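Working notes, beginning with the structure itself.
The values are calculated or read from the model by the stated rules, or taken from the named source; none is laboratory data. Since the model is a prediction, treat every value here as computed from it, not as a measurement. Heads up, the Cβs are rebuilt from the backbone with ideal geometry, glycines too, and the neighbour counts pull from every protein chain shown.
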Amino acid sequence: MADFFISYTYADTDWAQWIGYVLEEEGFSVGIQAWDFRPGSNSVLEMQKAAASAKRTVMVLSPDYLQSQFASPEWAAAFGQDPQGQEMKLVPVMVRKCDPPGLFKSIVQI
C-alpha cells in the first residue's frame, strides 16, 4: 500500500512526477502511472487498484484535470472513503489556475 497515489492528466505529467519526487525524498511511498504502470497493462484497472489501496490521493489540479474523464473515478474513490475530509484522504494540489466546480470548491487546495 502506497502512502500516496498521484492522480493527474498527461498534460500535467511533469508536475505529477515532481510531486512524486518530493514525497519520496521525504520518505513517503508513491504510486504514479508514469513510474508504476507496465506497458500493455489495463491503465484504468491499474488506476483503480492504485487509488483504492493508497492511504491518500494527491489530485494534480488543473483545467485539464477538471476536463478529464479518467480523473473523476480516481478522486471519487478517495472522496468516498472520507467525504468530510477528516482523514485528509484527498489532497488537491493546484498546479495551474482553474475554477474547481461543485465538490472541489469545498476542499482546501495547496
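Quick look at the values:
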read-out	value
Flag if Met59 is under 11 Å from the mean Cα position of the chain (by Cα) and at pLDDT 90 or above	yes
Matching residues in the stretch 44-78 - criterion: being in contact (Cβ under 8 Å) with a residue 24 or more places away in the chain, among the hydrophobic types (A, V, I, L, M, F, W, C) and surrounded by fewer than 19 Cβ atoms within 10 Å (Cβ to Cβ)	Val44, Ala52, Leu66, Phe70
Cβ-Cβ under 8 Å pairs, at least 6 apart or on other chains, the stretch 81-98 side on the phi > 0 side of the Ramachandran plot, far side assigned to a loop (DSSP other than H, G, I, E, B) and charged (D, E, K, R)	Met88/Asp82
Hits in the stretch 86-98 - residues which are surrounded by fewer than 14 Cβ atoms within 10 Å (Cβ to Cβ) and either touching a helix residue (DSSP H, G or I) at 6+ places or on another chain (Cβ under 7 Å) or not polar (S, T, N, Q) (or both)	Glu87, Met88, Arg96, Lys97
Leading residue by the ranking (nearest to the chain's Cα centre (by Cα)) among those in the stretch 1-23 that are aromatic (Phe, Trp, Tyr) and more than 16 Å from Asp64 (Cα to Cα)	Phe5
